[in-house]
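What follows is a short report on a single structure.
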Amino acid sequence: MSRSQATLDLSKRLESYMARRYHLWASEVYLSAYTQDGGTIDIRPDYLAFNLSHGNYASKAAWVERGTFTVFEVKSCKADFESGHGLNFIGDKNYIVTTREFGEQLRYGGTLYDKMPSDCDGVLVPSGNGLRMLFDRDPHGLRGGYRKFSACELLWAIIRTGRAYLSNWREATTVRSDKVVEE
């Protein structure tokens, strides 16, 4: 399987995985951040997903602010991982989605374990028709979040993509940014 085919397969599996587990998600989410020297840098995680902190219904604004943002970076091979592009881990939880073979190299004791970013929480790999966790570096959620943006900024970035999906337990609905009314 070629690199582009592997990336496409991993992306499709990830989208199905997110539709069942997250309230809102989008691909290719663009954000800008200020650097220490006063400039800006553009950040583009492959996928950004959001879950409310309290069930399916947010009756309080704090539940949204306390929600969890999860970043998924799709890396189909070692060359893709070492390219220097991607690995924009800006969420509370951050995962790499990759092939089983490459995931084994990233696992503790693997040949690339020392190159695993410290803010990466785990690796997801294909299993059957979906994805499963190959390993989780923070299974009990004790490491704390790495979020570098406010919930408001991240939610707006998801919606602004025009490819945001509002998940329901049974279906995912596209949230179109052209439907957002600007004043």
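Checked against (1) at pLDDT 90 or above; (2) within 28 Å of GLY162 (Cα to Cα), TRP63 passes all but a single condition, namely (1). What about SER83, is it modelled with pLDDT of 90 or more and either closer than 26 Å to LEU112 by Cα or under 12 Å from the mean Cα position of the chain (by Cα) (or both)? The answer is no for SER83.
Quick check, is ALA164 small (Gly, Ala, Ser), within 24 Å of LEU10 (Cα to Cα) and modelled with pLDDT under 75? Against the criterion (small (Gly, Ala, Ser), within 24 Å of LEU10 (Cα to Cα) and modelled with pLDDT under 75), ALA164 does not qualify. Taking first residues from the range 24-35 that are without any contact (Cβ under 8 Å) to a residue 12 or more places away in the chain and under 17 Å from ARG147 (Cβ atoms) and partners that are assigned to a strand (DSSP E or B) and not hydroxyl-bearing (Ser, Thr, Tyr), the Cβ contacts under 6 Å between residues at least 6 apart in sequence or on separate chains come to SER32/ASP42.
Listed by position, the helices (runs of 4 or more DSSP H) contained in the range 9-123 that have at least 1 residues being surrounded by 19 or more Cβ atoms within 10 Å (Cβ to Cβ) and touching a strand residue (DSSP E or B) at 6+ places or on another chain (Cβ under 8 Å) are 78-81, 100-106.
The values are calculated or read from the model by the stated rules, or taken from the named source; none is laboratory data. Just so we're clear, the structure is a prediction, and the values are computed from it rather than from any experiment. Note that we place each Cβ from the backbone using ideal geometry, even for glycine, and neighbour counts take in every protein chain shown.
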